[in-house]
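These notes concern the structure reproduced below.
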Amino acid sequence: MKIKGSAAYWMIFPTLLIISIVAFFPLFKTFYDSFFSFGLRPGIERKFVGLENYKNLLRDVRFVNALKNTIFFTVVSVSIETVLGLIVALIVHQKFTLRGIVRAAMLVPWAIPTAISSQMWRWMFHDQFGIMTRLWERIGIITPGTPILGRPGLAMWAIIFVDVWKTTPFMALLILAGLQVIPEDIYEAAKIDGANSIQRFFKITLPLVTPTIAVALIFRTLDALRVFDVVYIMTRGAVNTETLAVYNRHVLMDRAFTGAWFGYGSAISVFIFMLIMIFAIIYIRSLKLRLD
Amino acid sequence: MKKLATLLLVLTAIAVGFSVKITMTSGGVGKELEVLREQLKMFKQLYPDIEVEVIPMPDSATERHDLYVTYFAAGEKDPDVLMLDVIWSAEFAPFLEDLTDDYDYFELKEFLPGTIMSVTVNGRIVAIPWFTDAGLLYYRKDLLEKYGYKNPPRTWDELVEMAKKISQAEGIIGFVWQGARYEGLVCDFLEYLWSFGGEVIDEKGKVVIDSSQAVQALQFMVDLIYKHKITPEGVVTYMEEDARRVFQKGEAVFMRNWPYAWALLNSDDSPVKGKVGVAPLPLGPGGRRAATLGGWNLGINKFSSKEEKEAAKKLIKFLTSYEQQLYKAIHSGQNPTRKAVYNDPKLKEAAPFMVELLSVFVNALPRPRTANYSELSDVIQKYVHAALTRQMTAEQAIKNIARELNFLLK
Amino acid sequence: MNVVRKTLFYGLVILIFVWCVFPLYWAFVSSIKPDRDLFEKNPTFIPRRITFENYVKVFKERPFHVNIKNSIIVAGVTTILSLAVGSLSAYSIARIKFRGKKIVMSLILSVSMFPQISILGSIFLILRALKLINTYTGLILPYTAMNIPLTVWVLQNFFRELPKEIEEAAFIDGASKFRTLWSIVLPMSAPGLVATGLLTFIASWNEFLFALTFMQRPNLYTVPVAIALFKGASQYEIPWGQLMAAAVIVTMPLVILVLIFQNRIIAGLSAGAVKG
């Protein structure tokens, strides 16, 4: 079908216009601003400071902590979500009655806006009346009277728990889609050859579903690195749960009118961007290798 | 008829042209709002061409603060007159009308020195003190008498000695204060810090909290709990009301709290009614005593029009005048910022307790005046609380505070 | 052995079901308990008494209906705009050869990788300069930009799958690209549009960071922000019963919507994951 290419440029134009103005331009501006010191407070002058903001990142105790918290959160939640997601996918892949209902139920955590489910969980983790608090007490994870969302350490685990709750079913559905593409005959042939279920899993299922898992893993990791909603709502970043995005927003917005922090905040934004990009590139590269 | 109509029209036009409408923010709770409305009626009689509309504010100071930030960020022209917490002066200074040249107009030399300090930012006056508050020492005068103490403790060491003796003999707590991780903890901490001769930042804005006096002050607080054992470990969850409840039940010898507690402690169903005395907080080793200043000021929006600002000045002068401060003290129990009012016989009659507070207020100091005070407070809260719960030593805590404040206040 | 395995299996299935649904159930139960039952140390799974006063209070004591309206407007306009702009691009990518297509695709997809926090500051400054803070437009524009990659991606997949003959027939008949798109392709890809529209609507509805930052007046909050910043009479009290009622009010339609269209949605999401 020979169609003149020029029409295409017309059709692409609105999209490119919007993303240029609202995505690319702000990104470049953030990079640019990171070399300055300025704020929105009247009387504060905009000064060029070169790499000063970046040098300050390491001197900033709060930034280093946010980085540590973010990495911890990412590694732990993504690992748990992937493993649990795979298990759940394998279970739901089996044929059983009411499978449709379970599969539908698995969409519920994803359908509930994070802001809302975070409040629901905050209620369930309420230090006096929360049902999860009671449960953790019964199991023995905590001593009675411990405010889960008020303790450094515990609070982060509660947040990880909430994230795992929301994302595991979603991961499971994605992996399930990958499982369902695997043709039955391969399994049949393997059974005939005498392979048991464990062998079938490791030799057939796992290799064939790995690309799907890998893609899901990329997106989950990138999402986890920029986590904001659940942390902000459950603890506002207090008791050592502050992640990079939460701290970044604090520096930009809460200090916008009290000092000259906008440039420094932009530097943090650039750091986060680079971090995400590096991970994205690593993953995409390794994905390409696998597919080849 | 036509002439009359025209005359009326012209007069109305003149009246409308000359009348000004200004808006003012105020707390929306009970007595405070009621008293304000009465005062505004009196104001209207003095200045019939100025109309004042009250905008009730959320109860919580944090919410008011955030609302103000939204207004100023957008350059809103309303409200014209703003009720400002004593700790917000530095933060909102660029958005408030400079009133330095009106020092005499507002008769500021009549005001308590601490309150004037709280509205002075970089040498400029940005608001006028409206009513004030300060931390003070409550004590059981009946118990002190019982054990032979004629006067309340003059120094912290005396307080420790009295508290130990009486609390052990009576089987009650020695001393309660506010040790939870919130703004109130900073108020308490600063009182120890200042009385031990320490300071957070100096006049030039340099961080000077890294001092031996600061460590001693914090250590003293820690010792109250773990060494002298006159303060319960639970104090690290106490805010104002928690401490008051303990003291009101008769379960403590001493309490540090704000003046508001007095009325409650002497209500008819209070077990300690009539048994309570008040005194300024004790002297530290440096021979200095200090109380943390609380209270509210009135500022004028920089974005308002010239006429609105003029009207606003008149309103503020009225509300902070001697008569109005006396009225407010008598009717809503809020402490005047003018020294002379404390000697007024009508005040002595209606609220004798308040008269005794003058000695407290004269020594009251404002918290550090920086634009990002709330972050500064948060840093202090974090580490002081950590020291009080023994997650770190007093020395480590002070060092950490200094390091983070140095970064924050670059 | 088989019985053990079966029991274990069904046990896990039930666990999965409870895992997914319990928070919603608990929120609902909490919202209909009277306050004195709600604030007790050992909460009951089944309420002893029921009241719907929280559902009334949610609308009377705060402008929650206004927040719902805000969310509908923002998410709705974003969806329409994203679909309109996105389908144009998706069609040209799917059907038209042009130079630089790969670059354009990469640019569009890369936007979905942008951490929102990294452009938050700059977008805030831009919106502030254009006086678009606290306006619907101020949210709709960033939302559209964020959603275009998804829209383009999913739609171009759908368009590619459509049989080319119908379009070619129209082209031979002299129809322009736009007409072909409008009267032939779009109706044929209704399922794809619905799926994409739903995903976009849900994503915009759920968005929190931008909404929190660009809408600062309580009467302009979108639903997630209103729920996150739910306030009570005093600054320390949160009216949990009401909050749970608000959560249920907003969640139920979303859940129902998602369940009705679940196949489409999963198809849309999987198209992203499986095809890589």
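Just so you know, all these numbers are worked out from the coordinates, no wet-lab data involved. What you see is a predicted model; the values in this text were computed from it and never measured. Here the Cβ is made from the backbone with ideal geometry for all residues, glycine too, and neighbour counts use every protein chain on show.
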Please report, in debye to the nearest 20, how large the charge dipole of chain A is about its Cα centre when each Lys and Arg carries +1 at its beta carbon and each Asp and Glu carries -1 there.
300 debye
Only four residue types carry charge here, +1 at the Cβ of Lys and Arg and -1 at the Cβ of Asp and Glu. Report the dipole size of the protein assembly as shown about the Cα centre in Debye, rounded to the nearest 20.
2420 debye
Ranked on Cβ counts within 10 Å of their own Cβ, fewest leading, B:GLU38, B:GLU251, B:GLU349, A:GLU242 go B:GLU349, B:GLU38, B:GLU251, A:GLU242
Principal axes first, then extents: for the Cα atoms of region B:17-120, list largest minus smallest coordinate on each axis, whole Å, largest first.
34, 32, 32
Please arrange A:HIS93, A:HIS126 by how many other C-beta atoms lie within 10 Å of their C-beta, fewest to most.
A:HIS93, A:HIS126
In whole angstrom, the spacing between the Cα centers of region B:332-410 and region A:126-181 equals 40 Å
What Kirkwood Rh does region B:269-332 have if only Cα atoms enter the pairwise 1/r average? Answer in Å.
16.3 Å
Taking only C-alpha pairs under 8 Å that are 6+ residues apart, what is the relative contact order of chain B in percent?
26 percent
Just how large is the dipole of chain B about the Cα centre, in debye to the nearest 20, putting +1 at every Lys and Arg Cβ and -1 at every Asp and Glu Cβ?
540 debye
Shape call, the protein assembly as shown: gyration tensor on alpha carbons, a/c limit 1.5:
prolate
At 1.002 mPa s and 20 °C, Stokes diffusion of region B:22-67 via Kirkwood alpha-carbon radius, µm² per second:
187 µm²/s
How much mean residue ellipticity at 222 nm does the protein assembly as shown get from its helices, if each DSSP H run of length 4 or more adds -39500 (n - 2.57) and you divide by all residues, to the nearest 500 deg cm²/dmol?
-19000 deg cm²/dmol
Acute angle (nearest 10 degrees) that the helix A:262-291 long axis makes with the longest principal axis of chain A, alpha-carbon atoms:
20 degrees
Got a sec? Charge dipole of the protein assembly as shown, +1 on Cβ for Lys and Arg, -1 for Asp and Glu; which of C:GLY76, B:ALA93, C:GLY138 is way out at the positive end?
C:GLY76
Report, in degrees rounded to the nearest 10, the 0 to 90 angle that the Cα long axis of helix B:394-408 makes with the longest principal axis of chain B.
30 degrees
Whole number please: convex hull volume per residue, Cα atoms of chain B, in Å³.
152 Å³
Give me the net charge of B:TYR103's neighbourhood, meaning all other residues with Cβ under 13 Å from the Cβ of B:TYR103; Lys, Arg count +1, Asp, Glu -1.
-2
Region C:1-75-region A:49-95 distance, computed between alpha-carbon centres (Å)
29 Å
How long are the semi-axes of the ellipsoid equivalent to region B:317-367, from square roots of 5 times the Cα gyration tensor eigenvalues, in whole Å, largest first?
17, 14, 9
Taking the DSSP beta bridges in chain B as the whole, what percent of them are antiparallel, to the nearest 5?
65 percent
Test of understanding: ordering B:MET83, A:MET274, B:MET117 by Cβ neighbours within 10 Å, fewest first, what list do you get?
A:MET274, B:MET117, B:MET83
Within 10 Å of each Cβ of C:122-135, how many other protein chain Cβ atoms are there on average?
4
How large is the Kirkwood hydrodynamic radius of region C:2-51, counting all unique pairs of alpha carbons, in Å?
12.7 Å
Please return the longest stretch of chain C lacking exposed loop sites, where GluC sites (Glu not before Pro) count only if DSSP places them in a loop and at most 15 other Cβ atoms lie within 10 Å.
C:62-236
May I ask for the percentage of alpha-carbon pairs in region C:56-274 that lie more than 24 Å from each other?
51 percent
Can you tell me, using C-alpha contacts under 8 Å and at least 6 residues apart, the relative contact order of region B:13-107 as a whole percent?
36 percent
Calculate, axis by axis, the spread of Cα positions in chain A along the three principal axes, and write the results as whole Å, longest axis first.
79, 72, 30
Expressed in Å to one decimal, the Kirkwood Rh of region A:160-269 from all distinct alpha-carbon pairs is 17.4 Å
P(r) of region C:1-143 over all Cα-Cα pairs, binned every 10 Å from zero, in whole percent
8, 18, 20, 21, 20, 10, 2, 0
Just checking the output field for B:375-384: average partner chain Cβ neighbours within 10 Å of each residue's Cβ?
1
With Cα atoms, 0 to 90° folded angle of helix B:212-226 axis to chain B main axis
70 degrees
With the contact rule set at Cα under 8 Å and sequence spacing of 6 or more, what percent relative contact order holds for region B:138-194?
19 percent
